[in-house]
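The values are calculated or read from the model by the stated rules, or taken from the named source; none is laboratory data. For clarity, every value in this text was computed on a predicted model and none was experimentally measured. Glycine gets a Cβ as well: all are built from the backbone with ideal geometry, and neighbour counts include every protein chain shown. Accessible surface areas use protein heavy atoms only, side chains included; no ligands, DNA or RNA. Shrake-Rupley method; radii C 1.70, N 1.55, O 1.52, S 1.80 Å.
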Amino acid sequence: MTPRNSLDLPALDATLGPVLTSALRAGRPATAVVLAVLARAHSENVPAGRCRVWLRSRCRDAEVAQIVTETAAWRTLTAAAKRHGAESPIVRRRRIARRAVAALLQPLPAGDAALIAVLALGMLDDENAWDSALVSKRLGVTLGVTHTAVSARVRKLVESGTLTLLSRGRGVPGRVRFAKLPASVSSTLESNPTAVGLVDLLAGESEASPVSNGGAANAAAVLRAVTEPSVGYGPLSDAAWQYALLRALGAEDALPQGRRTRARRALRSAGLDPDDARAFVDAARTLSEGEPARLRDEREAGRAVEAAERAASAERSRAQKKAVHEKVLPGLLAHVGAVPKTPTREWVGAMREACAGVVADESKREVVALLRGALRQKLLRAGWSTDEVTRGIAIILPKAA
């Protein structure tokens, strides 16, 4: 355990380092990496502030560094880690499974049901069983749809009360959690023995009743088949998958007659018996080979390239901002003189003249924007009023017409 009253980076290396390394090697999203480290820090009594300093010092991943730097994102994840550490993993897994299965028993659009399944599996398959998930572009790759379509589905599920949106904001990926079950939805779950058995299996418990265990196992296999490329990119569809799942749960009547008829027709066209859940699982795996798998691999490769480009751009922006704060502005002030406690015409004029070359250079627009922000902070700290700062910056670093 790390002492609470000292910042011993080598000791934190031993405590947090293996978790960080493991999460990065597993290719987890940046928010999942940060959450894993925060959870270990919380369990070892390491304050979040010290964990943040350690991450800034040790982690070279650009996306992780961006989250650690952004106050809103850091606070959201810190709060999530505290909640996570205060609850039994068994209780958390059961809650995730109950809410997800109950939602899947409803007559949702097939795309919404597929998204719920993928979100639930992502939470349950994580060794720490986090009860929230990142709305990332990986979801679109898995489901075979655009990120815009995923976002639209998330909004619908939030509006319907199926999901709770935990965070949103510029540059901050949204996180969602399954919402509390209404009494009517909960009763639908409890009245279905196979669905109750499925919850037990997904939660990692062995108390599934003998009556429902076989059906629950088939339902679990169908549920996991949603991630097969044949569903998102091949001859099967999320509508066929949804029907197969509800059929395995003995709840296909939840769907309107027209949707049931179309799904059964699609399954027959694929050479499947609509009433054989096991056949759907085997076929989904077999039909994923070849073109469907290739298409998904291409999408994933493109997503990875985009993520790397965004990370590189963010790293360049951070480096540029650091240079403005640590080199450019200090250099200007060394030439002009320290910021006076109150504005003077002489100092403002000298600063304007010193900045003239940067302002005139069209290639340095980003530097000028960063310089405005850095100078604003400096002037406010020197004691200038907000109005004085606004007028001063308008003179020193005028915006192009």
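Provide the packing ranking of 311-324, 274-287, 191-204, i.e. peptides ordered by the mean count of other C-beta atoms within 10 Å per residue, highest first. Write out the running numbers ahead of the final one.
Working: 311-324: 14.3, 274-287: 18.5, 191-204: 21.4.
Per-residue Cβ counts within 10 Å, averaged per peptide and sorted highest first, yield 191-204, 274-287, 311-324.
Of Lys321/Lys341; Lys137/Lys322; Lys322/Lys399; Lys156/Lys180; Lys82/Lys156; Lys341/Lys378, which ones are farther than 19 Å apart at the Cα? Spell out each step's value before the answer.
On the way: Lys321/Lys341 25 Å; Lys137/Lys322 29 Å; Lys322/Lys399 22 Å; Lys156/Lys180 16 Å; Lys82/Lys156 29 Å; Lys341/Lys378 11 Å.
Over 19 Å apart, Cα to Cα: Lys321/Lys341; Lys137/Lys322; Lys322/Lys399; Lys82/Lys156.
Give the angle, between 0 and 90 degrees and rounded to the nearest 10, that separates the Cα long axis of helix 48-58 from the longest principal axis of the Cα atoms of the chain.
In the chain, helix 48-58 runs at an angle near 80 degrees to the longest axis.
For segment 370-401, run through the trypsin sites (Lys or Arg not before Pro) and keep only the ones in DSSP coil with at most 16 other Cβ atoms within 10 Å of their Cβ.
Details: sites: Arg372, Arg376, Lys378, Arg381, Arg391, Lys399; in loops: Lys399.
Within segment 370-401, the qualifying trypsin sites (Lys or Arg not before Pro) (loop, at most 16 other Cβ atoms within 10 Å) are Lys399.
At a 1.4 Å probe, what is the % contribution of carbon and sulfur to the accessible area of the chain?
After summing per-atom areas, the C and S share lands at 53 percent.
How big is the accessible area of His147 in square angstrom, nearest 10, if you roll a 1.4 angstrom probe over the protein chains?
For His147, solvent-accessible area is about 60 Å².
Could you tell me whether segment 101-153 comes out rounded, prolate or oblate from its Cα gyration tensor? Rule is a ≥ b ≥ c as square roots of the eigenvalues, rounded for a/c under 1.5, then prolate if a/b exceeds b/c, otherwise oblate.
Judged from the Cα gyration tensor, segment 101-153 comes out oblate (a/c at least 1.5, b/c at or above a/b).
Classify segment 6-88 as rounded, prolate or oblate from the Cα gyration tensor: take a ≥ b ≥ c as the square roots of its eigenvalues, call it rounded if a/c is under 1.5, otherwise prolate when a/b beats b/c and oblate if not.
Numbers: a/c = 1.21, a/b = 1.03, b/c = 1.17.
It is rounded, given that a/c, with a ≥ b ≥ c, falls under 1.5.
Tell me which residues come under 5 Å, amide H to amide H, from Phe178 once H is placed; ignore anything under 5 positions away on its chain.
Thr164
Which value in deg cm²/dmol, rounded to the nearest 500, describes the helix-derived mean residue ellipticity at 222 nm for the chain, given -39,500 (n - 2.57) per DSSP H run of n ≥ 4 and division by the residue count? Don't skip to the answer; put the middle values down first.
Details: 21 runs with 274 residues, N = 401.
For the chain, the value works out to -21500 deg cm²/dmol.
List, largest first, the extents of the alpha carbons of segment 291-401 along their principal axes, each in whole Å.
Result for segment 291-401: principal-axis Cα extents of 71, 26, 25 Å.
Once Rh for segment 1-160 is found with the Kirkwood sum over Cα pairs, what is the Stokes-Einstein diffusion coefficient at 4 °C and 1.567 mPa s, in µm²/s? Walk me through the numbers before you get to the answer.
Details: Rh = 17.0 Å.
Calculated translational D: 76 µm²/s.
Could you give the accessible area per residue of the chain, probe 1.4 Å, as a whole number in Å²? Working shown, then result.
Details: 20050 Å² over 401 residues.
Result: 50 Å² per residue.
Counting alpha carbon pairs within less than 8 Å and at least 6 residues apart, what relative contact order, in whole percent, applies to the chain?
Computed value for the chain: 11 percent relative contact order.
Equivalent-ellipsoid semi-axes (√(5λ), Cα gyration tensor) for segment 71-181, whole Å, largest first?
Working from the Cα gyration tensor, I get semi-axes of 21, 18, 12 Å.
By what distance, in whole Å, do the Cα atoms of the chain stretch along each of the three principal axes, largest value first?
Here the spans come out as 86, 52, 39 Å, largest first.
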